[in-house]
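Data block below; observations after.
The values are calculated or read from the model by the stated rules, or taken from the named source; none is laboratory data. None of these values were measured; they are calculated from a predicted model. Cβ placement follows ideal geometry from the backbone for every residue including glycine, while neighbour counts extend to all protein chains displayed. Ligands, DNA and RNA are excluded from the accessible area calculation, which covers all protein heavy atoms including side chains. Shrake-Rupley method; radii C 1.70, N 1.55, O 1.52, S 1.80 Å.
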Amino acid sequence: MKPFEIRDCALLTRMSGLSAAVNLRELRDRLAICNPNVIYHHFCETPMTPTFDNPDYRNDFAVWVKLHLGDRVLAERLGILDPYRFPDLEDLRAVTIDLIDERLSELWYVPTAPNGAEFHFTEATTVVFDTGRRIEHPRELATAIRGMTNSSIFFHYLEAQRREPPGMDDFSSWLLEFGAEYEKDIMALCSIDFTFFTLSELKSELVGLLSARGETP
Amino acid sequence: MTRYLEAYEGIVGAPVINRLRQLGKGLAGKRVVHVNSTREGGGVAEILDWMVPLMCDMGIDARWEVIQGTGAFFNVTKSIHNGLQGYPAAITPAGWETFLGVNRQNHALLGELLEEADIVVIHDPQPAPLLKLCEKRKGKWIWRGHIDISHPYRPVWKELKPFLESYDASIFSMNDFAHPLPHPQFIVPPSIDPLSDKNCDLPFSELEEVRARFGLDPNRPLVTQISRFDRFKDPVGVIEAYNLVRKIIPLQLVLAGGGATDDPEGKAVLDEVTEAAANDPDIHILLLPPDAHRTINALQRLADIVIQKSTKEGFGLTVTEGLWKGKPVIGGDVGGIRRQVVNYHTGFLVNTPEGAAHRIRFLLHHAELRKEIGVKAKEFIRENFLLTRQLQEYLTLFHEALRGSDERRFYV
C-alpha cells in the first residue's frame with residue numbers, strides 16, 4: 001500500500017474585486033455574480049481564521065446578517081446551511097440567494113449595516129505543500145493526526161470533502177485501500193458531525209475516535 | 001539582529017515552525033528587498049526588524065533598505081499620510097515634485113538592487129514612486145499600505161494612485177482599507193515579535209526600576225497609552241478621560257512615546273499634550289528614545305489598563321502589545337483596533353473621552369474581570385497576531401506572486 005503523505009496548507013485572504021455590501025439587497029446582488037471561490041471561502045474556509053468568541057453561526061453570511069443587519073430570522077436560516085451537502089457551489093449559491101429573496105419579500109424595509117460594518121467579499125489563495133512526513137500503516141494514523149497542524153486537518157478532512165471522491169476525507173480514502181478490515185473506521189470518520197467543531201476540536205475527535213477503535217492510543 | 005525561527009518554538013509550538021520551514025524551502029535563494037522610510041520608530045520598522053532576519057534564517061536572500069529623505073520630503077509625506085487617513089491635507093505641485101525628486105535620488109542609490117530583485121516590497125507611500133523609476137525591473141513588486149486609507153482625502157488619493165497602479169499586488173491590514181486597484185489586493189494584518197525587547201518577559205526588578213525611575217506610585221492604579229505624539233492617537237482625549245476619572249478615583253496616567261524620523265509633527269503635538277496636562281504630577285508625559293523598547297515593555301506591564309484611544313488607526317500594534325501582556329485594552333472604535341479589542345472579552349471599544357472614562361472606572365472597580373480579560377487577551381494574540389502568522393502569509397504571497405498563474409489553489 002502507498003503511504004499516506006501528510007500535507008499542509010496556508011491560506012492568504014484576498015479581495016474579490018466586488019464592492020462591499022451595505023445592505024441585504026446588495027449582499028444578494030453581489031452573491032449572484034461573485035466568483036464561486038468567494039462562496040467557498042465564506043462558507044467553508046472560516047475555520048482557518050479562528051475567531052476569539054465562538055460565533056453563533058458557521059458561515060460569514062449568517063454571522064454578518066445577525067451581527068450587523070440585526071436580522072436573527074435570516075441569520076438562523078442561513079446559519080443552518082451545510083455547504084458540504086451541496087455537490088456544487090452553484091447549488092449552494094442558488095439556495096442562499098433564495099433564502100435572502102424570501103426574507104426580503106417578508107420585510108417592509110431593507111436591513112442595512114451601520115457605517116463601518118459593510119460586508120467585504122473575499123476569497124483565498126491556498127498553497128499546499130508536502131510536510132515530508134508519511135504514515136506507513138493505519139495503526140499509526142491516530143498518533144500522526146495528533147501531531148498534525150490544524151491546517152493539515154483542514155486540508156485532509158474538510159477541504160478533502162470537495163475533492164475526489166466527493167464527500168470523503170483523505171484519511172478514509174486511504175483506509176479504503178486496506179480493505180474490509182477498516183470499514184468501521186471509515187464509517188466512524190465519515191459520520192463525524194464536524195460543522196460545530198473548531199479545527200482543534202475536530203483533531204481531538206479524530207484522534208479519540210481512532211484510538212477508541214483500537215488503533216494506537 | 002540575528003533571529004532564528006526555532007527560538008519561537010516554545011511560544012507557538014513545533015508544528016508551526018515546521019510549516020514555516022516547509023513554506024520557506026521553495027523560496028530559498030530568492031532575492032527579496034523591503035523598502036521603507038525609517039529604520040526606527042513606528043510599527044513598520046519594528047516589523048521589518050524581525051521579519052527580514054527570519055526570512056534570512058529560512059534561506060531567503062532578504063534585505064531591508066531605507067530611503068533617505070529631506071525635511072521637506074518628510075513634511076510632504078506626513079501630509080500624504082494625513083490625507084490618506086482622511087485629513088484634508090493641501091499638497092502643492094511643488095510638494096509633489098519634492099516627493100518625486102527625493103525618490104529619484106533614492107533610485108540612484110537603490111535602483112540596481114531593486115531591479116535585480118525577485119520580490120520588492122514597498123512599505124507605505126514614501127517610497128511608492130520607486131516602481132515607476134525602476135524601468136528595468138525583473139521581479140514582482142508589492143505595495144504594502146500600513147495605514148487606514150478607507151476614507152482618504154480624495155485629492156491626495158488621486159495624486160498618489162498612479163504611483164500604485166502598476167504594482168503587481170498590494171497588501172492591506174484589513175479589508176476595509178483596500179481600494180479598487182488594477183491588481184490583486186491581499187489582506188495581511190500586522191503582528192508583534194514576542195521575543196523582542198518590546199514584548200519579552202521582564203524580571204520583577206526591572207519593572208520596579210522603571211516604576212521608580214518615573215516616580216510612579218505602586219499604590220494607585222496606572223493607565224498607560226504608548227504611541228507616538230500624533231493627533232490621530234488623541235493623547236489630549238486621553239487626558240480628558242483621565243480628568244473625568246480622577247474626580248472619583250485617584251489614578252496615574254502615562255503617555256509615552258518616541259518620535260519617528262519621518263514624523264515632523266510630533267513636537268507640535270507634544271506641546272499640545274503638555275499644555276493639556278497642566279502640570280498635573282500624576283500625568284507622566286514621556287518622550288522616549290527610539291531604543292527604549294524595554295522601558296515601553298515595562299510601562300505596559302506596570303499598567304492596570306492599557307489605552308489606545310486613536311481616532312484613526314491602521315492597525316494599532318500597541319494594542320496587540322498590551323493584550324499580549326495580559327492587559328485589558330480600551331481602544332478607539334476605529335481601524336484595526338476593532339479586530340483586536342472585543343468588547344467584554346479583550347477590552348472595550350470607545351468613541352469619546354467620556355466613553356474611555358466610563359470604561360476605565362468600570363475596569364478599576366472589577367479587578368477579577370481585569371484578570372480574566374487579561375488571560376483571554378494573551379491567548380487571542382497568541383492565536384492571531386504573532387509574527388509567525390504574518391510571516392506565513394508573506395511567504396504564501398511570495399509563492400503566489402512568483403508562480404505566474406491565476407489558480408486559487410496550488411502545490412509547492
Checklist entry - If B:Arg339 passes every condition in (1) in contact with a Ser or Thr (Cβ under 9 Å, 6 or more places away or on another chain); (2) in a helix (DSSP H, G or I); (3) open to solvent by less than 30 Å² (accessible area, probe 1.4 Å) but one, which one does it miss? => result (3)
Next on the checklist: Scan the range A:6-13 and tell me whether some residue there is open to solvent by less than 40 Å² (accessible area, probe 1.4 Å), small (Gly, Ala, Ser), within 14 Å of chain B (Cβ to nearest Cβ) and in contact with a Phe, Trp or Tyr (Cβ under 7 Å, 6 or more places away or on another chain).
Outcome noted: no
Checklist entry - Which residues, counting only those in the range B:306-325, are among the hydrophobic types (A, V, I, L, M, F, W, C), at pLDDT 95 or above and touching a Gly at 6+ places or on another chain (Cβ under 9 Å)? => result B:Val306, B:Ile307, B:Val319, B:Leu323
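Residues are listed down the side, and each one gets a yes or a no for (1) open to solvent by 10 Å² or more (accessible area, probe 1.4 Å); (2) over 14 Å from A:Cys44 (Cα atoms):
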{"position": "A:Arg58", "(1), (2)": "yes, no"}
{"position": "A:Val63", "(1), (2)": "yes, no"}
{"position": "A:Gly70", "(1), (2)": "yes, yes"}
{"position": "A:Leu78", "(1), (2)": "no, no"}
{"position": "A:Leu104", "(1), (2)": "yes, yes"}
{"position": "A:His120", "(1), (2)": "yes, yes"}
Item to check | Neighbours by Cβ (under 6 Å, 6+ apart or cross-chain): first from the range B:59-80, closer than 30 Å to B:Lys25 by Cα; second open to solvent by 20 Å² or more (accessible area, probe 1.4 Å) and not in a helix (DSSP H, G or I) | outcome: B:Gly59/B:Ala28; B:Ile60/B:Lys30; B:Asp61/B:Arg31; B:Val66/B:Arg39
Checklist entry - Out of the residues in the range A:66-106 that are among the β-branched types (Val, Ile, Thr) and without any contact (Cβ under 8 Å) to a residue 24 or more places away in the chain, which is farthest from the other protein chains (Cβ to nearest Cβ)? => result A:Ile80
Checklist entry - Here are some conditions: (1) among the hydrophobic types (A, V, I, L, M, F, W, C); (2) surrounded by fewer than 21 Cβ atoms within 10 Å (Cβ to Cβ); (3) within 14 Å of chain A (Cβ to nearest Cβ); (4) touching a residue at least 40 places away in the same chain (Cβ under 8 Å). B:Leu27 meets all but one. Which one does it not meet? => result (2)
Next on the checklist: Quick check on the range B:72-85. Is at least one of its residues open to solvent by 20 Å² or more (accessible area, probe 1.4 Å) and touching a strand residue (DSSP E or B) at 6+ places or on another chain (Cβ under 7 Å)?
Outcome noted: no
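Applying the selection to the range B:85-101, what residues are part of a helix (DSSP H, G or I) and hydrophobic (A, V, I, L, M, F, W, C)?
Looking only at the range B:85-101, we keep the residues that are part of a helix (DSSP H, G or I), and these are B:93-101.
Matches in the range B:85-101: B:Ala94, B:Trp96, B:Phe99, B:Leu100.
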Item to check | Any hit, the range B:391-398, residues being at the interface with chain A (Cβ under 9 Å from one of its Cβ atoms), open to solvent by less than 20 Å² (accessible area, probe 1.4 Å), in a loop (DSSP other than H, G, I, E, B) and in contact with a strand residue (DSSP E or B) (Cβ under 9 Å, 6 or more places away or on another chain) | outcome: no
Item to check | Residues (closer than 15 Å to B:Arg144 by Cβ and either in contact with a Lys or Arg (Cβ under 6 Å, 6 or more places away or on another chain) or in contact (Cβ under 8 Å) with a residue 40 or more places away in the chain (or both)) located in the range B:118-130 | outcome: B:Ile119, B:Val120, B:Val121, B:Ile122, B:His123, B:Asp124, B:Pro125, B:Gln126, B:Pro127, B:Leu130
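Out of the range B:2-49, which residues are among the β-branched types (Val, Ile, Thr), in a helix (DSSP H, G or I) and within 26 Å of B:Pro127 (Cβ to Cβ)? Spell out the reasoning first.
First pass over the range B:2-49, keeping only residues among the β-branched types (Val, Ile, Thr): B:2, B:11-12, B:16-17, B:32-33, B:35, B:38, B:44, B:47.
In the following step, the residues that additionally are in a helix (DSSP H, G or I) were identified as B:11-12, B:16-17, B:44, B:47.
Selection gives B:Val44, B:Ile47.
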Checklist outcome for this item: Of the residues in the range A:107-123, those that are more than 7 Å from chain B (Cβ to nearest Cβ) and within 21 Å of the chain's Cα centre (by Cα) come to A:Phe119, A:Phe121
Checklist entry - From the set of residues in the range B:282-311 that are open to solvent by 40 Å² or more (accessible area, probe 1.4 Å) and of a type in the set (Lys, Arg), which is farthest from B:Gly237 (Cα to Cα)? => result B:Arg294
Item to check | The listed residue being at pLDDT 95 or above and of a type in the set (S, T, N, Q), out of B:Gln126, B:Gln85 | outcome: B:Gln126
Checklist entry - Being farther than 30 Å from B:Ala28 by Cβ and under 20 Å from the mean Cα position of the chain (by Cα), is that true of even one residue in the range B:395-407? => result no
Next on the checklist: I'm told A:Thr131 meets every condition in (1) within 14 Å of chain B (Cβ to nearest Cβ); (2) open to solvent by less than 30 Å² (accessible area, probe 1.4 Å); (3) modelled with pLDDT of 95 or more except one. Can you identify the failing condition by its number?
Outcome noted: (3)
Checklist outcome for this item: Of the residues in the range A:160-181, those that are in contact with a Cys (Cβ under 9 Å, 6 or more places away or on another chain) and either in a loop (DSSP other than H, G, I, E, B) or closer than 14 Å to A:Met1 by Cβ (or both) come to A:Gly167, A:Met168, A:Asp169
Next on the checklist: Let me confirm something: among A:Ala144, A:Ala94, which residue is touching a strand residue (DSSP E or B) at 6+ places or on another chain (Cβ under 9 Å), part of a helix (DSSP H, G or I) and open to solvent by 10 Å² or more (accessible area, probe 1.4 Å)?
Outcome noted: A:Ala144
Checklist entry - Taking only pairs six or more apart or across chains, which ones have beta-carbon atoms under 8 Å, a first residue in the range B:206-223 that is over 20 Å from B:Ile307 (Cα atoms), and a second residue that is of a type outside the set (Gly, Ala, Ser) and open to solvent by 30 Å² or more (accessible area, probe 1.4 Å)? => result B:Glu206/B:Arg294
Checklist entry - Counting just the residues of the range B:1-24 that are open to solvent by 50 Å² or more (accessible area, probe 1.4 Å) and either out of contact with any strand residue (DSSP E or B) (no Cβ under 9 Å at 6 or more places or on another chain) or among the charged types (D, E, K, R) (or both), which one comes out nearest to the other protein chains (Cβ to nearest Cβ)? => result B:Arg21
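Residue-by-condition table, conditions (1) at pLDDT below 95; (2) open to solvent by 10 Å² or more (accessible area, probe 1.4 Å); (3) within 13 Å of B:Ile307 (Cα to Cα):
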| site | (1), (2), (3) |
| --- | --- |
| B:Lys327 | no, yes, yes |
| B:Asn343 | yes, yes, no |
| B:Glu354 | no, yes, no |
| B:Ile360 | no, no, yes |
Checklist outcome for this item: Going through the range A:18-45 in order, the residues found to be surrounded by fewer than 17 Cβ atoms within 10 Å (Cβ to Cβ) and modelled with pLDDT under 95 are A:Ser19
Checklist entry - If you go through the range B:368-387 one residue at a time, do you hit one that is within 12 Å of chain A (Cβ to nearest Cβ), more than 26 Å from B:Gln185 (Cα to Cα) and open to solvent by less than 50 Å² (accessible area, probe 1.4 Å)? => result yes
